Amino acid sequence: MKKRIFIALFAIAALFALREDASAANKFDAAMARWVRAETYHNDMGGQFTVRATLYTKDYIESLMESEAEKNLWTASELEDYKYNFLKELKLEDNVAIYLELEENGPTAHMAPFNEMVDLWIGNKKYGASDFDPRFNMPLLGKRDGMVYFPRFDEKTGESLFKKKLTLRFEMNPAASPVLDNRSVRILWDVNPENIGAPGSGTAANRIEVDRLIRRMERLNGERADLEAQLDAKKREIDEVRSRIEDIQGK
């Protein structure tokens with residue numbers, strides 16, 4: 001009797017585990033459908049150039065983490081540690097991260113310098129890449145993948161570039177591939193401010209935000225030191241001018 005009860009309980013537990021796995025997988029599939037875009041271009045010579053771009057948003061990352069946690073049976077603390085390291089690699093504290101998968105079947109593509117080949121329109125303003133996988137600078141025939149990053153904050157004010165719902169438009173210069181034949185690659189996502197950046201809950205997200213604020217504080221302190229040095233120089237100049245006036249008037 002006890003053996004039958006144990007078998008029944010084990011079967012129920014296995015069923016729930018399968019349902020949780022399926023739920024996590026379905027959530028990840030939905031996130032992929034929302035944030036993964038692919039465009040394929042052909043030319044008259046039979047060449048083909050494919051660009052697959054994944055925008056790393058909060059819900060995409062959360063669904064990916066849940067899927068990985070389910071597959072690897074992580075504890076909550078193990079998940080947070082993995083998430084923190086994952087987010088650090090993505091540099092989401094300062095950037096918009098896009099994962100690019102490129103495939104060139106045709107004439108060799110020459111994309112260097114790669115930062116001149118890609119742009120991201122955030123609303124109606126265009127931004128160049130802040131960083132990218134250096135392998136994109138190498139000639140391409142076949143497949144290559146890597147990350148490309150664009151700024152998430154205004155360089156001067158430090159304010160977020162995402163204050164309202166807007167459209168992101170990733171563009172690749174026609175010169176990136178001979179197959180494009182003067183056609184630009186354009187990939188669009190509609191995003192809300194809450195979509196962008198590291199997931200906003202959990203210890204990993206808090207650590208990432210603290211890291212970003214510390215770096216921002218370091219930059220501000222450096223700027224303040226520069227301004228104070230300039231102010232001191234102006235004060236010395238004023239004192240010199242005043243002293244010269246007094247010398248002239250004293251004569």
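Kindly indicate whether Gly158 is surrounded by 12 or more Cβ atoms within 10 Å (Cβ to Cβ) and at positive phi. Yes.
Yes/no per residue for (1) within 28 Å of Pro107 (Cβ to Cβ); (2) surrounded by fewer than 12 Cβ atoms within 10 Å (Cβ to Cβ):
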residue	(1), (2)
Asn124	no, yes
Ala129	yes, no
Thr167	no, no
Ala176	yes, no
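For region 101-117, check the following and say yes or no: at least one residue is touching a residue at least 40 places away in the same chain (Cβ under 8 Å), in contact with an Asp or Glu (Cβ under 8 Å, 6 or more places away or on another chain) and either in a strand (DSSP E or B) or within 11 Å of Val148 (Cβ to Cβ) (or both). Looking through region 101-117, at least one residue is touching a residue at least 40 places away in the same chain (Cβ under 8 Å), in contact with an Asp or Glu (Cβ under 8 Å, 6 or more places away or on another chain) and either in a strand (DSSP E or B) or within 11 Å of Val148 (Cβ to Cβ) (or both).
What are the pairs with Cβ atoms under 9 angstrom where one residue, in region 166-179, is in contact (Cβ under 8 Å) with a residue 24 or more places away in the chain and basic (Lys, Arg) and the other, located anywhere, is part of a strand (DSSP E or B) and surrounded by 16 or more Cβ atoms within 10 Å (Cβ to Cβ)? Sequence gap at least six, or different chains. Correct list of pairs: Arg169/Asp119; Arg169/Leu120; Arg169/Trp121; Arg169/Ile122; Arg169/Ile187; Arg169/Trp189. Please indicate, with yes or no, whether at least one residue in region 68-89 is of a type in the set (A, V, I, L, M, F, W, C) and closer than 20 Å to Ile187 by Cβ. Scanning region 68-89, I find no residue that is of a type in the set (A, V, I, L, M, F, W, C) and closer than 20 Å to Ile187 by Cβ, so the answer is no.
Listed by position, the strands (runs of 3 or more DSSP E) enclosed by region 140-201 that each have at least 1 residues that are of a type in the set (Phe, Trp, Tyr) and either more than 19 Å from Ile61 (Cβ to Cβ) or in contact with a Phe, Trp or Tyr (Cβ under 6 Å, 6 or more places away or on another chain) (or both) are 140-151.
Any read-out appearing in this document is the output of simple, stated calculations on the displayed coordinates, not a laboratory observation. Owing to the predicted nature of the structure, the values given are computational and were not obtained by experimental measurement. Note that each Cβ is placed from the backbone with ideal geometry, even for glycine, and that neighbours are counted across all protein chains shown.
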